[in-house]
1. From Leu357, Leu390, which residue is at pLDDT below 95 and under 30 Å from Cys26 (Cβ atoms)?
2. With (1) closer than 23 Å to Asp280 by Cα; (2) touching a residue at least 12 places away in the same chain (Cβ under 8 Å); (3) over 21 Å from the mean Cα position of the chain (by Cα) as the list, and Gly251 as the residue in question, which single condition is left unmet?
3. If I filter the range 93-116 for residues that are buried (at least 21 other Cβ atoms within 10 Å of the Cβ), farther than 18 Å from His229 by Cβ and in contact with a helix residue (DSSP H, G or I) (Cβ under 9 Å, 6 or more places away or on another chain), do I get at least one hit?
4. Taking the conditions exactly as written (part of a helix (DSSP H, G or I) and surrounded by 18 or more Cβ atoms within 10 Å (Cβ to Cβ)), does Gly88 satisfy them or not?
5. Within the range 49-85, take every residue that is more than 25 Å from Arg360 (Cβ to Cβ) and polar (S, T, N, Q) and give me the one that is surrounded by the most Cβ atoms within 10 Å (Cβ to Cβ).
6. What about Leu148, is it part of a loop (DSSP other than H, G, I, E, B), modelled with pLDDT under 85 and either open to solvent by 40 Å² or more (accessible area, probe 1.4 Å) or over 24 Å from Val406 (Cα atoms) (or both)?
7. Could you go through the range 36-45 and let me know if any residue there is open to solvent by 30 Å² or more (accessible area, probe 1.4 Å), farther than 22 Å from Gly350 by Cα and more than 22 Å from the chain's Cα centre (by Cα).
8. Restricted to the range 171-185, and to residues that are in contact with a Pro (Cβ under 9 Å, 6 or more places away or on another chain) and surrounded by 12 or more Cβ atoms within 10 Å (Cβ to Cβ), which residue is modelled with the highest pLDDT?
Amino acid sequence: MAAGNDAEVWHEILGHSLDCVHCGLCLPTCPTYRETGSEISSPRGRIYLFRAVAEGRIDLSQTVADEAYLCLGCRACETACPSGVRFGSMLELARSQVEASELRKGPAKTLERLALRHLIPNRKRLRWLFHGLAMLQWLGLDRLGCALLPRGLRALQAGLPRVPARALRRPLPGILPARGERRGRVGLFVGCVMPELFADVNAATADVLTRNGFDVVVPPTQACCGALHAHAGDLDFARGLARRNLSAFDGADLDAIVVNSAGCGAAMRDTRHWLPGEADAFSDGVRDVSEFLDEKGLRDPPGVFEARVCYDDPCHLVHGQKVEAAPRRLLSRIRGLTLVAHEDAASCCGAAGIYNLTHREMSQAVLDRKLTSLAAADPDVIATGNPGCLMQLRAGVVRAGLRARVVHPVQILAEAYGADSP
């Protein structure tokens, strides 16, 4: 793609933009529009920009690039849209052209590309990085070194949870057998960062699935889902990772590929668009863990979980995958648990992959709206099904002085089944 002027890509962007009827129903759902009140920072405004470039009426400029990346990519506009505009796909294509145009330059961009291409998808390098971070945290040197980091990386360090002990980060076995009456066989997608920071969530997911009668297969050759790369405009690299996952899960005779990360699940379902004609069966087989258990019928957990719980929708689950009721239905099956609604449940928390590093002020403004809503509900527990949301909300809860702990819904289920507490 030379100079961000790939005619085929812009023709595809134009096709998406023509679906927009300019009704404006998306505006009040857009986090950046809610904060700025600026039309250009709304889905409709960005569609105007992308269409104008596609039609040759304006150049691909810094303004277009800035707006493409100011968007959180939460896809709330897709839920609101009566015309079915695939804004997420349009945004990824537009960002791929921004990257090809080299409008984003500098040390931060170089560091982002190195991390996304050479660290995140490399399981060994990522593991050694977290071994090192765990050692720094154990010695108390992480906060000391934080003062020497750039502001964005200081924010990353502040939002990172404690790295679990190495023993707790051991890979899951390749196959975990069903318990009780066998009901089927599923593959478990474990992700890239999840095994290092949220190994307990992966373990809880496997535990709940086996207790519900499913053999769980964990292919060792599975790769990063490619979501962060696609969101950063590196679609070619994302396609390469997607092909690795197609190969990893192929031939395993699975009823479904179960995912516990909303962002990963949305990306894997979008693989059909990244690889037309290659990935339809793969994308059709992807299920969020809550969606899968709800479809199959959850076995009633025997335990009690006495708590008032606010469920907060991850954007790429409720908007990207259209899964809203399933997690709430599962949680309502747990004895002692009281679901408490809050007003801002389906809006973005501001994490959005690495957005809370690249656009720190907007990310915090979006998060503050969410925290205000959660504070009014005053739950004991906040449940959300995405690693970025878990980190963002945990950091926000501490900053706001809220008393709630933040966990993945599957951890609550596992505890109710009798597994270790999250």
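1. The conditions single out Leu357.
2. The number of the failed condition is (2).
3. No, every residue in the range 93-116 fails to be buried (at least 21 other Cβ atoms within 10 Å of the Cβ), farther than 18 Å from His229 by Cβ and in contact with a helix residue (DSSP H, G or I) (Cβ under 9 Å, 6 or more places away or on another chain).
4. yes
5. Residue satisfying both the conditions and the ranking: Thr79.
6. Against the criterion (part of a loop (DSSP other than H, G, I, E, B), modelled with pLDDT under 85 and either open to solvent by 40 Å² or more (accessible area, probe 1.4 Å) or over 24 Å from Val406 (Cα atoms) (or both)), Leu148 qualifies.
7. No, that holds for no residue.
8. Checking each candidate, the answer is Leu172.
The values are calculated or read from the model by the stated rules, or taken from the named source; none is laboratory data. Computed from a predicted model, the values in this text were never measured in an experiment. Heads up, the Cβs are rebuilt from the backbone with ideal geometry, glycines too, and the neighbour counts pull from every protein chain shown. Accessible surface areas use protein heavy atoms only, side chains included; no ligands, DNA or RNA. Shrake-Rupley method; radii C 1.70, N 1.55, O 1.52, S 1.80 Å.
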